[in-house]
Structures are given as structure tokens and as C-alpha cells.
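The values are calculated or read from the model by the stated rules, or taken from the named source; none is laboratory data. Not measured: the values here are computed from a predicted model. Cβ: placed from backbone, ideal geometry, glycine included. Neighbour counts: every protein chain shown. Each accessible area value is taken on the protein alone, full model and side chains, heavy atoms only, with ligands, DNA and RNA left out. Shrake-Rupley method; radii C 1.70, N 1.55, O 1.52, S 1.80 Å.
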There are 2 protein chains.
Amino acid sequence: MKVITSQQQRVLDCIQIYINKTGFPPTRANICKELGFKSPNSAETHLRALEKKGFIAIESGASRGISIINDENSYGSKDNYPVIGLVAAGSPTLAEENIERTINCPKSFFESKFDYFLKVKGLSMKDAGIMEDDLIAVKKTTDVRNGDIVIARIDDEVTVKFFNKKSAKLVELEPANEDFETIKVNLERDELSIEGKSIGLLRRN
Amino acid sequence: MKVITSQQQRVLDCIQIYINKTGFPPTRANICKELGFKSPNSAETHLRALEKKGFIAIESGASRGISIINDENSYGSKDNYPVIGLVAAGSPTLAEENIERTINCPKSFFESKFDYFLKVKGLSMKDAGIMEDDLIAVKKTTDVRNGDIVIARIDDEVTVKFFNKKSAKLVELEPANEDFETIKVNLERDELSIEGKSIGLLRRN
DNA sequence: CATTATACTGTATATATATTCAGTAAAATT
DNA sequence: AATTTTACTGAATATATATACAGTATAATG
């Protein structure tokens, strides 16, 4: 359903920025001028695609009748997210004893939904801009791709690394710090469980 | 602010309710239907009165070009924080044209209050875990100490660096990347204005 | 007391705007 | 290989919309 293309994202951003700036939505012509299109139909088709995919609603016949649809974000809907610190060996990540505290934050704060914040230990991902005590917004999923920053569990130890599947039986978990070594996981012999992936980061100095 | 009449208040309320309901402002005809007027000029004259008194702004020629002017809604007092992208030379950081969009976030999200998010360009602070396109939560202040990550303005260029006051007349702005050089500012000769300091960071992958 | 602001109806119109139709072309999907 | 989706240009048009103009009437203001 929700696969937005990069151009459609540009149009969606353009609408949001226009509303923030002026207080009302743009016309087709406004979007064209903003994004460099030469035909109003360019904007029109993108708008219809965004409407079809459920990102916006268009009031038929009305001028500037565009409204952005915010999923559960019925404006200002917030939620409490747990902050996970040191995860005890063997225990489920979200077990109560692992929750340090909670952070109140809007549901639509990051691009996609997430489930908890993980407090980072060590500097194995420092070249990716992830420092000690940073809070990684973790989305629980096993659908990860090469290059994703994943939260993985090997032998009851939780680690944050770049995911890189080399073959059907070999996954490499790569650090972003030359002082650390790549973890090679033989899927036939070792057990690898993907807890989720990073979709954002929060740092409080 | 001048005195608003009861009818003008009705029109103003009508506009706000319409925006809340549809996401965009009403036309003259919409207002007439809503409030029972029989001529579009009824709405028109009320709108012009509201404009003259400073309650709304009307974009000339634009359809639905009404925006409600709300002093309480000016950035900082609520939970909407502006995201500042490329700052044009010479213009104030929070000038409207520099605001890319806004982010809704709790006031107490970071340890101390802050004023806006600055979108980072370049990698001069990468060893401090600040990467391109990261959003730095900036607190507007000139009260900075050595070691703080400051947002400074030198010759109309905005830069993010570690602050280090060496003496009464020498301030060094240190990058966190060996490929960049420390900026030495002679306070007697050069002008240095401290916009504020970083009190947190937000990254959205 | 003249003037201005408020509060309307009613008509008219230039133009702002959505929207359709006719094409082209590349990429993705089936 | 055929079809759909994406991504555009360019022109045409019905209509949605702002806005001016012509009135009427009451209340406030200087």
C-alpha cells in the first residue's frame, strides 16, 4: 500500500512546507513552480497518486482542497516509549526489568513507526554517528536489508551493527569503527535473531 | 490589537473551525453558507475588517488565501518547533524563508528548553556523532562554555563547532573531524556572534 | 452634523484553479 | 512480451473564487 516514490515524497513535503509557510495548501500551479514542473498536470498526477496511496485527501472541485492525512497522528497524539538499557542475558528485550524509563514523544516522530528506544553502549558504531548513551529508535521487524542498522541478538547478547547478508548461510554484522571487528554469523551453525532495525536516533547532551 | 465585534468574532471562529475540519481555509461563499449570509460581499467586508484589525492575513488574488494570525502560535510557545535548513546570508536564522517545516515535539523533550532544529550540512562534526542532515536541537543563548557545541555566525555564515575560549580576545571553534581546521577568531578584529548551543540531536533514517 | 464603521443584499466579472484530454517516454510489474 | 505505473509537456475549458460596484440601513465617532 504505502510505497511512496521519491518524487511523490517531494510533492508531499512541498505541500506540508507550503501549508506551514502560508497557512493554506498550494494549487497545482504552486507545486509546479516550487518543484520546477512545467505542466499543472504533473502536479495533478502526483496528487492523484498520493491520494490513491492514502497520504492526502483531495476535496473535489475545491480550490486548494488538499489535506494531509496523518495516520494515527490525529494531531498531537503522543505515546510513551520505553527506553531499554542493558538487556539481561536471556530475557526478552522489552521485559519490565530492562526498561529504564519512558519517553513521551509523538507517534509520527520518525518516518515510520517504532517500538522502543535502545540506549547504546560502546562506540562500535561511532563512524555512523552513533555514540555512547545515544538512544536508537528501534522498529521491531525481521525485514531488514543490507546496509540497515540492525539490533541483533547472538548468544543472548544484544548488539547494534550494519546488516550485510553475504550468502544464504552467511551474515556479516559490520561495525562502523575500525577498532572493532566484523562479526561473521554462520547461519547453519550459529543462531542469529534480528530484533529490529534503527529508524532514527535521539541524543540528549 | 483593536476591538473585535461579535459578528467579526463569529466569522473568525468560523474560519478556524473550517480549517480544523477540512485542513484549508473557507471561501467567501463557504463563510456565507456557514453563517447564513446571502451575499459573498458580507463575508468579504468582514474579512477586510478582520484584516485591518490584524486578526487575519489575506493573500491577494489567491483562493482561500486566509491565514489566522495568532501571537500565541509564534514559534517556541507551543510544541511546534521550526526546522531551519540553509540559512541565507544576512538573514535572521528564524526568518520565515529559512523554515523548511516544523516538528511537533514535547517541550520537555530535551534536558533544557530549546528554540529550533538546525539541519546539519557537511561532516565537520562527524567525530562528535553529528552527521549530514541530522537535526540539532538549538537553544538560543550566548551563555556558552568551553566544550559546548555552539552554533556560531562568522561573516554571515552559520557553522556548528566546539566552543573554546582561549583568552579574552581569542576564541577557537574546533571541528570534530581531522579533515577540517580549527577556526581562530580574533575578537578584536573579527566579528563572532553566538546563535546558541546544541542541547540535543535528532536523526531520522 | 458630517463622517466613518458596521452589517447587510444583489449583481457582475476577470481570473484563479481544478480537471480533462492528447501525447511522449522510461521503469516497474505481471 | 504486454500491461501498468511513474513522470512528465502542453493545451483547453468549465467553474470556483476573489473582488469590484451599486445600493440600504443603523450605530458609533469626531
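Inter-copy label distances for B:S193: 5.6 nm (label point placed 7 Å from Cα along Cα→Cβ; shortest first).
Charged side chains reduced to their Cβ positions (Lys and Arg at +1, Asp and Glu at -1) give segment B:80-202 a dipole of some 500 debye around its Cα centre.
Each 5 Å bin from zero up to the one holding the largest Cα-Cα distance in segment B:6-70 carries the following percent of pairs: 4, 19, 34, 30, 12, 1. Here B:I68 yields copy-to-copy label distances, from shortest upward, of 1.9 nm, the label point defined as 7 Å from Cα along Cα to C-beta. Apolar share of the accessible surface for the protein assembly as shown: 47 percent from carbon plus sulfur atoms, 1.4 Å probe.
Dimensions of the protein assembly as shown from C-alpha coordinates, computed as largest minus smallest value along each principal axis and given longest first, are 79, 62, 46 Å. Listed by chain and number, the aspartates and glutamates whose C-alpha is less than 13 Å from the C-alpha of B:K165, apart from same-chain residues fewer than 8 away, are B:D143, B:D148, B:E174.
Within straight-line reach of B:K53, meaning a Cα separation under 16 Å, sit the following aspartates and glutamates at least 8 residues removed in sequence or on another chain: B:D13, B:E44, B:D71.
Taking beta carbons within 10 Å but only from partner chains, what does the mean come to for residues A:18-26? Show your work: numbers first, answer last.
Values: counts 1, 5, 8, 6, 7, 13, 11, 5, 1.
Taking all residues of A:18-26 together, the mean is 6.
Applying the Karplus relation 6.51 cos²θ - 1.76 cosθ + 1.60 with θ = phi - 60° to segment B:129-142 yields 3J(HN,Hα) values of x, 10, 10, 4, 6, 5, 10, 8, 7, 10, 9, 6, 6, 10 Hz, where x marks Gly and Pro.
Helix A:40-52 and the long axis of chain A differ in direction by around 50°, with both axes built from C-alpha atoms. What is the local net charge at A:N20, summed over the other residues whose Cβ is closer than 9 Å to its Cβ (Lys, Arg +1; Asp, Glu -1)? Computed value for this residue: +1.
Assuming 0.36 nm per residue, please report the length gained on full extension of the stretch B:K53 to B:T5 beyond their Cα-Cα distance. Could the numbers behind the result be given before it?
On the way: separation 48, 0.36 × 48 = 17.28 nm, distance 1.07 nm.
Gain on extension, B:K53 to B:T5, equals 16.2 nm.
Accessible area per residue for segment B:6-70, computed on protein heavy atoms with a 1.4 Å probe, is 53 Å².
Can you find, among A:N41, B:V160, B:G200, the residue farthest towards the positive end of the dipole of the protein assembly as shown? Put +1 on the C-beta of Lys and Arg, -1 on that of Asp and Glu. In the protein assembly as shown, that residue is A:N41. If you take the alpha carbon atoms of segment B:80-202 and fit the smallest convex hull around them, that volume is 99 Å³ per residue. The trypsin sites (Lys or Arg not before Pro) of segment B:123-184 meeting both criteria, a DSSP state outside H, G, I, E and B (loop) and at most 11 other C-beta atoms within 10 angstrom of the site's C-beta, are B:R145, B:K169. Of all DSSP beta bridges in chain A, what percent run antiparallel (nearest 5)? So the antiparallel bridges in chain A amount to around 95 percent. Look at where the Cα atoms of segment B:128-157 and of segment B:189-205 average out, and the two centres are 2 Å apart. Here B:K21 and B:S193 are evaluated by their C-beta separation; at R0 = 45 Å the FRET efficiency comes out at 0.50.
The accessible area of A:T142, taken with all protein chains in place and a 1.4 Å probe, comes to roughly 110 Å². Residues A:D134, B:D133 ordered from highest to lowest accessible area at a 1.4 Å probe: B:D133, A:D134. Taking other residues whose beta carbon is less than 15 angstrom from the beta carbon of A:F37, and scoring Lys, Arg as +1 and Asp, Glu as -1, yields +2. Note on the protein assembly as shown: antiparallel DSSP beta bridges, both residues inside, total approximately 95 percent of the bridges counted. The phi-based Karplus calculation (6.51 cos²θ - 1.76 cosθ + 1.60; θ = phi - 60°) puts the 3J(HN,Hα) values of segment A:184-193 at 9, 10, 7, 5, 6, 10, 9, 9, 10, 10 Hz, whole numbers, x for Gly and Pro. Take the accessible area of B alone and of A alone, subtract that of the pair with a 1.4 Å probe, and the total buried over both chains is about 3000 Å². When the GluC sites (Glu not before Pro) in segment A:170-205 are filtered for DSSP coil states and for at most 12 other beta-carbon atoms within 10 Å of their beta-carbon, the remaining sites are A:E178, A:E181, A:E188, A:E191. Under a 5 Å amide H cut-off, with hydrogens placed 1.01 Å from N, A:G122 pairs with A:D133 among residues at least 5 apart or on other chains.
For A:N41, inter-copy separations between label points set 7 Å beyond Cα along the Cβ vector come to 4.1 nm, shortest first. Legend: Rg and Dmax of chain B, from Cα coordinates, 22.8, 73 Å.
Of the trypsin sites (Lys or Arg not before Pro) found in segment A:23-59, the ones in coil according to DSSP and having at most 12 other Cβ atoms within 10 Å of their Cβ are A:K38.
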